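I have placed the structure first, in the form of structure tokens, so that the comments after it can refer back to it.
The values are calculated or read from the model by the stated rules, or taken from the named source; none is laboratory data. Given the structure is predicted, the values throughout are model-derived calculations rather than measurements. Cβ sites come from the backbone with ideal geometry, for glycine too, and all protein chains shown count toward neighbours. SASA here: full protein model, heavy atoms, side chains in, ligands and nucleic acids out. Shrake-Rupley method; radii C 1.70, N 1.55, O 1.52, S 1.80 Å.
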Amino acid sequence: MKLTVVGSSPAWPNPGGAQSGYLVDSGGQRVLLDCGPGVLASLREREDWPRVDAIAITHFHLDHWGDLVPWVWGVSFGPGRDVPKAELWLPPGGRATLAQLGAQLGRPDMFEDAFTVREYARGQPFTAAGFEITPVKVLHYELDAYGFRVSANDSVLAYSGDSGPDEALAELARDADLFVCEATLERPNPEGGVRGHLSAEEAEAAFRASHAKRLLLTHRPTERPLDQRFEQAHDGQEVEL
Ligand SMILES: [Zn+2]
Ligand SMILES: [Zn+2]
């Protein structure tokens, strides 16, 4: 299994960066985890139009799904016409959400026409692009948000999506080969209220509890440099696991 970090920026982009997008490749099949602004342009630097078998979205904050909109236009009118349709896996209720967004941004059916759209269910593993993916509900303000546990060929990648402190993160990443975990905050809970993000130390605590083998922190503003003991994801990074 190979991970390519396409975009690792948080809710505002780091200089020259793309927002959330993680391409996972195994045996020639590819799934893209999240598809934030900047991800499509970055993928197009590698190939005329990205050939992915599936895209899976963790939650409906724009930095995790926004590039689905230009993806639709490329599939409808551009070079994406000649590429096999990708599956698009959404959180529960996601089809209705995209129909509403489509009505505002183009037409209600635009996403259904461009992708083979499916919804996953909380905690229920699904198969996409030959990977088994388990969506684990995580704490992200009041929003319905998920992390993904992705496995193929005895390798396991865990991706937190956006999450505050949540015991579910240790389950998500249990014994995983790699835990890609968000570390948005300088310190715990400067926002107050319901938690939505982690500090690096909180991500590390979840990693320790999970017994995963390697921690890669992401979704971090440049303005918040990390202690040197942490490994931080960067756009274009490739990790074999
Ligand atoms: Zn985010
Ligand atoms: Zn979010």
Looking at the range 208-240, which of the residues that are more than 18 Å from the chain's Cα centre (by Cα) and open to solvent by less than 40 Å² (accessible area, probe 1.4 Å) is nearest to Asp166 (Cα to Cα)? Ser210
Answer yes or no: is there a residue in the range 87-96 that is part of a strand (DSSP E or B) and open to solvent by 20 Å² or more (accessible area, probe 1.4 Å). yes
Consider only pairs whose beta carbons are under 9 Å apart and that are at least six residues apart or on different chains; among these, list those whose first residue lies in the range 38-62 and is on the phi > 0 side of the Ramachandran plot and whose second residue is more than 16 Å from ligand 2 (Cβ to nearest atom) and of a type in the set (Val, Ile, Thr). Gly38/Val6
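Looking at the range 206-226, can you tell me whether even one residue there is β-branched (Val, Ile, Thr), more than 16 Å from ligand 2 (Cβ to nearest atom) and either part of a loop (DSSP other than H, G, I, E, B) or at pLDDT below 95 (or both)? Walk me through how you get there before you give the answer.
Of the range 206-226, the ones β-branched (Val, Ile, Thr) are 218, 222.
Then keep just the ones that are more than 16 Å from ligand 2 (Cβ to nearest atom); that gives 222.
From the residues that got through so far, the ones that are either part of a loop (DSSP other than H, G, I, E, B) or at pLDDT below 95 (or both) too are 222.
Within the range 206-226, one or more residues are β-branched (Val, Ile, Thr), more than 16 Å from ligand 2 (Cβ to nearest atom) and either part of a loop (DSSP other than H, G, I, E, B) or at pLDDT below 95 (or both).
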For the range 132-154, the count of residues that are buried (at least 18 other Cβ atoms within 10 Å of the Cβ) and more than 16 Å from ligand 2 (Cβ to nearest atom) equals 6
Determine which member of the set Gly196, Gly161, Gly236 is touching a residue at least 60 places away in the same chain (Cβ under 8 Å) and within 16 Å of ligand 1 (Cβ to nearest atom). Gly161
How many residues, within the range 9-22, are open to solvent by less than 10 Å² (accessible area, probe 1.4 Å), more than 14 Å from ligand 2 (Cβ to nearest atom) and out of contact with any Gly (no Cβ under 6 Å at 6 or more places or on another chain)? 1
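Taking the stated definitions as given, is Trp65 within 15 Å of ligand 2 (Cβ to nearest atom), open to solvent by 10 Å² or more (accessible area, probe 1.4 Å) and either within 23 Å of Gly93 (Cα to Cα) or touching a helix residue (DSSP H, G or I) at 6+ places or on another chain (Cβ under 8 Å) (or both)?
Details: within 15 Å of ligand 2 (Cβ to nearest atom): yes; open to solvent by 10 Å² or more (accessible area, probe 1.4 Å): yes; either within 23 Å of Gly93 (Cα to Cα) or touching a helix residue (DSSP H, G or I) at 6+ places or on another chain (Cβ under 8 Å) (or both): yes.
For Trp65, the condition - within 15 Å of ligand 2 (Cβ to nearest atom), open to solvent by 10 Å² or more (accessible area, probe 1.4 Å) and either within 23 Å of Gly93 (Cα to Cα) or touching a helix residue (DSSP H, G or I) at 6+ places or on another chain (Cβ under 8 Å) (or both) - is met.
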Is the range 165-187 home to any residue that is on the phi > 0 side of the Ramachandran plot and either among the basic types (Lys, Arg) or surrounded by 18 or more Cβ atoms within 10 Å (Cβ to Cβ) (or both)? no
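In the range 24-37, which residue that is open to solvent by 10 Å² or more (accessible area, probe 1.4 Å) and without any contact (Cβ under 8 Å) to a residue 40 or more places away in the chain is farthest from ligand 2 (Cβ to nearest atom)?
Restricting attention to the range 24-37, the residues satisfying the condition of being open to solvent by 10 Å² or more (accessible area, probe 1.4 Å) are 25-30, 37.
Next, from what is left, pick out any that are without any contact (Cβ under 8 Å) to a residue 40 or more places away in the chain: 25, 28, 37.
Details: Asp25: 25, Gly28: 31, Pro37: 13 Å.
Looking at residues that are open to solvent by 10 Å² or more (accessible area, probe 1.4 Å) and without any contact (Cβ under 8 Å) to a residue 40 or more places away in the chain, I get Gly28.
Have a look at Val31, Val39, Val6 and point out the one that is out of contact with any His (no Cβ under 6 Å at 6 or more places or on another chain), within 24 Å of Ala121 (Cβ to Cβ) and not acidic (Asp, Glu). Walk me through it before giving the result.
Values: Val39 fails: within 24 Å of Ala121 (Cβ to Cβ); Val6 fails: within 24 Å of Ala121 (Cβ to Cβ).
Sole residue among the options that is out of contact with any His (no Cβ under 6 Å at 6 or more places or on another chain), within 24 Å of Ala121 (Cβ to Cβ) and not acidic (Asp, Glu): Val31.
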Where a residue in the range 143-155 is without any contact (Cβ under 8 Å) to a residue 40 or more places away in the chain and its partner, wherever it lies, is open to solvent by 10 Å² or more (accessible area, probe 1.4 Å) and assigned to a strand (DSSP E or B), with Cβ under 8 Å and at least six apart: Arg149/Thr134; Arg149/Val136; Arg149/Val156; Ser151/Glu132
